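Data first, discussion second: the structure below is written as structure tokens.
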2 protein chains.
Amino acid sequence: MEPKINIVNVVVSTKIGDDIDLEHVADVLDNAEYEPEQFPGLVCRLNDPRVALLIFRSGKLNCTGAKSKEEAEIAIKKVIKQLKEAGFDIEEDPEIKVQNMVATAELGTEPNLDRISTLEGTEYEPEQFPGLVYRMEDPKVVVLIFGSGKIVITGLKREEDAYRALENVLNMLKELKEIKG
Amino acid sequence: MEPKINIVNVVVSTKIGDDIDLEHVADVLDNAEYEPEQFPGLVCRLNDPRVALLIFRSGKLNCTGAKSKEEAEIAIKKVIKQLKEAGFDIEEDPEIKVQNMVATAELGTEPNLDRISTLEGTEYEPEQFPGLVYRMEDPKVVVLIFGSGKIVITGLKREEDAYRALENVLNMLKELKEIKG
DNA sequence: AAAATTTTTATTATATATAAAAAATATTTT
DNA sequence: AAAATATTTTTTATATATAATAAAAATTTT
């Protein structure tokens, strides 16, 4: 039985133009919110795919909330189409880079967080936050481990690293004799 | 369609004896916790029915967490049986009084809490607590109204008052034109 | 004399912590 | 004054606590 990894959030960035008039964009994009004194980026929310896009005056763009890089690309294409139709000078097929992914997984056992917290690279303050924070070196990600056995892996650039990170956590539990080898 | 009321908690009180040695009770009752410097009552938790009983030196007893008066009675009978078997001088069939009931219900609409908060008898401080507090005069209960349309009625002595309280809230919404009359 | 202690229960917003990009502003350190 | 961080926003899973409500009991503290 293969360990199951669920990608729950993908953050990507790209560049769709130069010196974009965000006030103008706010008028032509229907789900746009632009409050420059609060944040320099314009926020645009799509329902399908369900994501949030941040567009900056520089032409740089972030997309958050997608379940895959492909989903983020579809969302970005949608916004590009709308902006081109409104007459903006926009890059049609920009290079999209994954900046972060968040994954969830299950350990299949209920770990003793107090025992794990004796290891290096871990932080565990249950009255501040119920999850143990494990900063892994290779792959360079952060894993949140919960008493339920559920874990959250974040800081991912590639999906395959989620499997390596989960393997590392399982091996760590074996060494702590939390799981039979 | 009849409005649906769910009784989620019933608190009852009774008196099962006089001058009870709680230290002794703590020894013979298996799920008992007795920490007199923390609280003068002995706490006993049952799994079936799932309730908590507080027993006091005076012989007075509270039962919380039951879903009905009958469930509370069954729980109390169970504890009485155990205490009698341990040799305590205990009342076998004491009078049980409902002191409080908590009910939940649904309004069937998502109310505007800000508008309701203009009415007398209401308190609404969303950053302190998300529910609006409505102190009703007749029946004398407190209703918590949430933005989801779910409500909590507490301070109930009789189940029928829950229906009257719900009716009152629905009428109030009609007058505020939150619901079509 | 009044308030806190404990127990139960539904309700739900918010805070807590994690990573990452973007750019503008606000502190902080040099 | 200049350079260097920190905060702002967005998303997402995870899971705790806390906020307020009523009621009884008896003890301690205010």
### Message
I'm trying to understand the selection: among the residues of the range B:92-134, which are out of contact with any Ser or Thr (no Cβ under 8 Å at 6 or more places or on another chain), in contact (Cβ under 8 Å) with a residue 12 or more places away in the chain, of a type in the set (D, E, K, R) and under 21 Å from B:Leu166 (Cβ atoms)?
### Response
B:Glu106, B:Arg115
### Matching option when the condition is closer than 30 Å to B:Ile16 by Cβ and either within 14 Å of chain A (Cβ to nearest Cβ) or not aromatic (Phe, Trp, Tyr) (or both), among B:Lys177, B:Lys97
B:Lys97
#### Entry: Selection from the range B:55-96 of residues that are under 27 Å from B:Val169 (Cβ atoms) and assigned to a strand (DSSP E or B)
B:Thr64, B:Gly65, B:Ala66
### Summary
For the range B:66-91, pairs from a residue that is under 13 Å from B:Gly17 (Cβ atoms) to a residue that is basic (Lys, Arg) and surrounded by 14 or more Cβ atoms within 10 Å (Cβ to Cβ), with Cβ under 6 Å and 6 or more apart or across chains, are B:Ile90/B:Lys84
### Query
Can you tell which of B:Pro126, B:Pro130, B:Pro139 is in contact with an Asp or Glu (Cβ under 6 Å, 6 or more places away or on another chain) and part of a loop (DSSP other than H, G, I, E, B)?
B:Pro139
#### Entry: Residue satisfying condition, being more than 12 Å from DNA strand D (Cβ to nearest atom) and either in contact with a helix residue (DSSP H, G or I) (Cβ under 6 Å, 6 or more places away or on another chain) or within 14 Å of another protein chain (Cβ to nearest Cβ) (or both), within set A:Ile90, A:Ile76
A:Ile90
### Message
Can you find a residue that is farther than 17 Å from A:Gln99 by Cα and surrounded by fewer than 12 Cβ atoms within 10 Å (Cβ to Cβ) anywhere in the range A:50-64?
### Response
no
### Message
I'd like to check something: does the range A:150-163 contain any residue that is more than 14 Å from chain B (Cβ to nearest Cβ), of a type in the set (Lys, Arg), under 28 Å from A:Leu61 (Cα atoms) and under 25 Å from the mean Cα position of the chain (by Cα)?
### Response
yes
### Residue pairs meeting the criteria (Cβ under 9 Å; at least 6 apart or on separate chains; first closer than 16 Å to A:Glu120 by Cβ, in the range A:139-150; second assigned to a loop (DSSP other than H, G, I, E, B) and near DNA strand D (Cβ under 6 Å from one of its atoms))
A:Ile145/A:Gly131
### Task
Go over the candidates A:Ala105, A:Ala75 one by one and state the one that is surrounded by 14 or more Cβ atoms within 10 Å (Cβ to Cβ) and more than 17 Å from A:Leu29 (Cβ to Cβ).
A:Ala105
### Task
Inspect all residues belonging to the range B:108-124 and state whether any of them is surrounded by 12 or more Cβ atoms within 10 Å (Cβ to Cβ), in the same structural domain as B:Glu159 (by TED's automatic domain parsing) and more than 18 Å from B:Lys150 (Cα to Cα).
yes
### Task
Filter the range B:116-158 for residues that are among the acidic types (Asp, Glu) and in contact with a strand residue (DSSP E or B) (Cβ under 6 Å, 6 or more places away or on another chain) and give the result.
B:Glu123
### Message
Residue under question is A:Leu170, and the condition is that it be free of Cβ contacts under 8 Å to residues at least 60 places away in the same chain and not assigned by TED's automatic domain parsing to the domain that holds A:Gly59; does it hold?
### Response
no
### Query
Considering the range A:28-69 alone, what residues qualify as being closer than 14 Å to A:Val10 by Cβ and either within 14 Å of another protein chain (Cβ to nearest Cβ) or small (Gly, Ala, Ser) (or both)?
A:Ala52, A:Gly65, A:Ala66, A:Ser68
### Task
State all residues of the range B:142-173 that are in a loop (DSSP other than H, G, I, E, B) and either near DNA strand D (Cβ under 8 Å from one of its atoms) or under 30 Å from B:Ile96 (Cβ atoms) (or both); if no residue qualifies, say none.
B:Lys157, B:Arg158
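The values are calculated or read from the model by the stated rules, or taken from the named source; none is laboratory data. Just so you know, these numbers come straight off a predicted model, no measurement behind them. Every residue, glycine as well, gets a Cβ built from its backbone with ideal geometry; the counts of neighbours run over all protein chains shown.
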